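Everything below concerns the one structure shown next.
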Amino acid sequence: MDAIALDQLTIALSLSSQLMLAAAIIIMIFAIALGLKPEHFAFLKTDPKLFWGGLAAQLIGLPLMTLALVTIMDPHPSIALGMIVVAACPGGNVSNFMTWSARGDTAYSVSLTAGSSVVAAVWTPAAILFWSELYPPTAQLLDTIDFNRIAFVIQTTVMLAAPLTLGMLGARYFPAAAEKFRKPLALFGAGILAIVIIDGFIQLTAALLPAWSLILIPAALHNASAFALGAGAGRLLGASAPRRRSLTFEVGIQNTGLAIVLILAQLKGLGGAAAIAAVWGVWHFVSGGAMILLYRTIDSQKAHRKRT
């Protein structure tokens, strides 16, 4: 498959699959909100520059860097759109785990994840539309698929904001029940999402495999640039070494599950966009693992030098 064919490829979902995708995202956002606690926003008071600076690096810096990257690389429109959608999505809990594994500041990582999750309800749909319109090839692609921009923003905002609000209210007034149901609901939502996505991509495996280089190379470069941006932002903010590690993972690890849902359910199932989001989701485990190994090696070397 060449790049032109990849741009034209769409993943047609049945009504039941569309409903399952909508249910998956609602359940997952609700579960995330159930886990939000006041202490997760402690950095807003103790170190507001680090909190807002970290969010700015993720919510503004990453999409801006992505726009520069697609302008330089000039990928085909559906691939560029997938990169923009990924960049506009908030971080996920995976970044918290990787930060902990790399001996970063987990509290700071959780604080940024909580902040980006709350803001994402309004920010993500508007950001996807804004940055896509700034890159002419993706703007033209959206025109060709008869994309209703206003409906997208309204529908996506409601889809994200409603479960987020209900989950935060549940966490506030029913903390015991929220803690009890948070993890099972998150796993249930992730399971629904996995079933729909795996089913769709099994049908497209033969078509997508010949185009692997068109997908993997941009995804890997994009992810590496995101890690570099997070590390650079940490230095610019004067953060400590553990907090620089936190920001590196928070900017470099995105909620690609949400990106895939939005592409399949709201963006006409564009094959190239969905494929790069899916590859991004797998690749960042590989790259994140390499980053953890690098940081742990650095710590071991420092410890060895101190002993000697």
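Quick notes on this structure:
- Matching residues, segment 123-153, being among the β-branched types (Val, Ile, Thr) and either in contact (Cβ under 8 Å) with a residue 12 or more places away in the chain or in contact with a Lys or Arg (Cβ under 7 Å, 6 or more places away or on another chain) (or both): 124, 128, 138, 145, 153
- Residue 26 vs. criteria farther than 18 Å from residue 127 by Cβ and touching a Leu at 6+ places or on another chain (Cβ under 9 Å): yes
- Candidates 274, 259, 303, 290 - the one that is at pLDDT 80 or above, within 20 Å of residue 217 (Cα to Cα), over 18 Å from the mean Cα position of the chain (by Cα) and in a helix (DSSP H, G or I): 290
- Test: residue 210 is at pLDDT 90 or above, closer than 30 Å to residue 286 by Cβ and assigned to a helix (DSSP H, G or I): no
- Within segment 259-308, the only residue that satisfies the criterion of being among the hydroxyl-bearing types (Ser, Thr, Tyr), farther than 30 Å from residue 20 by Cβ and touching a helix residue (DSSP H, G or I) at 6+ places or on another chain (Cβ under 7 Å) is 295.
- Per the conditions (1) of a type in the set (Gly, Ala, Ser); (2) surrounded by fewer than 17 Cβ atoms within 10 Å (Cβ to Cβ); (3) modelled with pLDDT under 85, the sole criterion not satisfied by residue 121 is (2).
- Residues in segment 148-198 that are out of contact with any helix residue (DSSP H, G or I) (no Cβ under 8 Å at 6 or more places or on another chain) and of a type in the set (Gly, Ala, Ser): 151, 176, 191, 194.
- Yes/no for residue 174 being under 16 Å from residue 89 (Cβ atoms) and either surrounded by fewer than 20 Cβ atoms within 10 Å (Cβ to Cβ) or among the aliphatic types (A, V, I, L, M) (or both): no
- Within segment 262-283, residues that are touching a residue at least 60 places away in the same chain (Cβ under 8 Å) and under 10 Å from residue 81 (Cβ atoms) have Cβ atoms under 7 Å from residues that are hydroxyl-bearing (Ser, Thr, Tyr) and surrounded by 23 or more Cβ atoms within 10 Å (Cβ to Cβ) in these pairs: 270/78; 272/78; 273/78; 277/256, counting only partners at least 6 apart in sequence or on another chain.
- Qualifying positions in segment 21-51 - surrounded by 18 or more Cβ atoms within 10 Å (Cβ to Cβ), closer than 26 Å to residue 191 by Cα and not β-branched (Val, Ile, Thr): 21, 24, 28, 30, 31, 33, 34, 35, 36
- Filter result for residue 18 (of a type in the set (S, T, N, Q), modelled with pLDDT under 90 and either in contact with a helix residue (DSSP H, G or I) (Cβ under 7 Å, 6 or more places away or on another chain) or not in a helix (DSSP H, G or I) (or both)): yes
- Residues being out of contact with any Asp or Glu (no Cβ under 9 Å at 6 or more places or on another chain) and touching a residue at least 60 places away in the same chain (Cβ under 8 Å) - total across segment 15-52: 25
- Qualifying residue in segment 188-198 (condition: over 21 Å from residue 279 (Cα atoms), at pLDDT 80 or above and either of a type in the set (A, V, I, L, M, F, W, C) or touching a strand residue (DSSP E or B) at 6+ places or on another chain (Cβ under 9 Å) (or both)): yes
- The set of residues in segment 219-247 being more than 21 Å from residue 46 (Cα to Cα) and either of a type in the set (Lys, Arg) or not in a helix (DSSP H, G or I) (or both) is empty.
- Inclusion of residue 238 among residues that are small (Gly, Ala, Ser) and on the phi > 0 side of the Ramachandran plot is warranted.
- Among residues of segment 153-171, those that are closer than 16 Å to residue 128 by Cα, surrounded by 18 or more Cβ atoms within 10 Å (Cβ to Cβ) and not β-branched (Val, Ile, Thr), counted: 2
- As for segment 87-95, it holds at least one residue that is hydroxyl-bearing (Ser, Thr, Tyr), farther than 16 Å from residue 64 by Cα and surrounded by 21 or more Cβ atoms within 10 Å (Cβ to Cβ).
The values are calculated or read from the model by the stated rules, or taken from the named source; none is laboratory data. Because the structure is predicted, anything quoted here is derived from the model rather than measured. In this analysis, Cβ positions are derived from the backbone assuming ideal geometry, glycine residues included, and neighbour counts consider all displayed protein chains.
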